[in-house]
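Colleague: The structure follows.
The values are calculated or read from the model by the stated rules, or taken from the named source; none is laboratory data. None of these values were measured; they are calculated from a predicted model. Counting neighbours? That spans all protein chains shown, and the Cβs are built from the backbone with ideal geometry, glycine included. Note: accessible area is taken over every heavy atom of the protein model, side chains too, but ligands, DNA and RNA are not part of it. Shrake-Rupley method; radii C 1.70, N 1.55, O 1.52, S 1.80 Å.
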Amino acid sequence: MTDPRPYPERPKFPERPKTDQLDQRSSEWQTLSALPTPAPLRPVETERPAPQTATAPQTAPVETIPKLASWRKRIGAFALDFGVGLGASYLAQGLASLFGANAGAVDMTGYVAFFAVWLVNRGYFQSRPEGQSLGKWLLNIKTLDPETETSPHLIRSLARESVLSLFLLTEALLVPLAADGLFAAFDKEKRQTIHDRAGRTLVVEAEQGYHLDEKAMQFLQGILEGDAAEDVKSAARDLLSQAQRNDTVRDLSKQVQRLGKDMDQNTRSLRQQTGKQVKNWVDSVKEKLDNW
């Protein structure tokens, strides 16, 4: 069924004329067209990575070591310094005996004088800017601290020579000195002895000095090349000829030759006997091992 009541009529609004809408839209387009045209955008420039060039590998700085002192100069400087200390020791012992000291006091005075001169000569003077003892100055070598490339500090120098002094105090003098030198022989790079390692020092060539070795060689060459060389050679020839004519000397030379032959025969027989004993011992050890 249908509702007999009629629907209420909606109110009608007055329609807006279409001309007003067209005029408003045209005015908007005119306003937009009047705006200035935008400038063209620049292309974005991207930063290109710089080309990588091959760089040389960084190497660690090479430690430069001055020219090391030769064995001949080091042994010569030690002998000269030892002679200076020995001379001071004998002088002090002589003065002590003159003042009526007993034997024990004389010996103690000699030891004290030796090591006092040794530490002053080798400990104090090597800590000075020259880095040279008397023996090192005579042979143009010096003690160097490789860290500062200058002479070692006084404490290091005294520590270095104190270790060497302990070696000199032993009764078997040559044994610790030989062991001290063996350390330097196996150290091909720095030639550091035990007392060098104690003071962390090196012994290198030096320009300052007396050049005793060179002057001694020049002196010997001058003697051998001069008139004195002929006199020495002629005297040696005369002495040899007189010795050959002397019956005693000839008998002595014959006895020496016989002694040499006897020693050779005894040495051969001793070697044979030793070889047989060693072979028998080895065979017995092998038999015991086989039976075991």
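Colleague: Which condition number in (1) modelled with pLDDT of 90 or more; (2) out of contact with any helix residue (DSSP H, G or I) (no Cβ under 8 Å at 6 or more places or on another chain); (3) of a type in the set (D, E, K, R) is the one that Lys188 fails?
Modeller: Tallying (1) modelled with pLDDT of 90 or more; (2) out of contact with any helix residue (DSSP H, G or I) (no Cβ under 8 Å at 6 or more places or on another chain); (3) of a type in the set (D, E, K, R), Lys188 fails exactly one: (1).
Colleague: Among the residues of the range 95-111 satisfying the criterion of being among the small types (Gly, Ala, Ser) and assigned to a helix (DSSP H, G or I), which is nearest to Gly83 (Cα to Cα)?
Modeller: Step by step, filter the range 95-111, then rank; the result is Gly110.
Colleague: Can you pull out the residues in the range 163-184 that are open to solvent by 50 Å² or more (accessible area, probe 1.4 Å), of a type in the set (Gly, Ala, Ser) and under 20 Å from Phe114 (Cα atoms)?
Modeller: Ala172
Colleague: Can you name the condition, by its number, that Leu144 falls short on among (1) closer than 23 Å to Gly209 by Cα; (2) outside any strand (DSSP E or B); (3) in contact with a Gly (Cβ under 8 Å, 6 or more places away or on another chain)?
Modeller: Unmet condition: (2).
Colleague: Can you list the helices (runs of 4 or more DSSP H) lying wholly within the range 160-234 that have 3 or more residues being aliphatic (A, V, I, L, M)?
Modeller: On the way: elements: 174-186, 194-199, 212-225.
Correct list: 174-186, 212-225.
Colleague: I want to confirm something. Restricting to the range 103-144 and keeping residues that are open to solvent by less than 60 Å² (accessible area, probe 1.4 Å) and more than 22 Å from Ile75 (Cβ to Cβ), which single residue is modelled with the lowest pLDDT?
Modeller: Gly104
Colleague: If we keep just the residues of the range 207-246 that are open to solvent by less than 90 Å² (accessible area, probe 1.4 Å) and at pLDDT below 75, which is farthest from Asn140 (Cα to Cα)?
Modeller: So the residue we want is Asn246.
Colleague: Looking at the range 147-159, which of its residues are under 22 Å from Glu189 (Cβ atoms) and in a loop (DSSP other than H, G, I, E, B)?
Modeller: Hits for the range 147-159 are Glu147, Thr148, Glu149, Ser151, Pro152.
Colleague: Which one of these does Leu95 not meet: (1) over 19 Å from Leu177 (Cβ atoms); (2) surrounded by 14 or more Cβ atoms within 10 Å (Cβ to Cβ); (3) among the aliphatic types (A, V, I, L, M)?
Modeller: (2)
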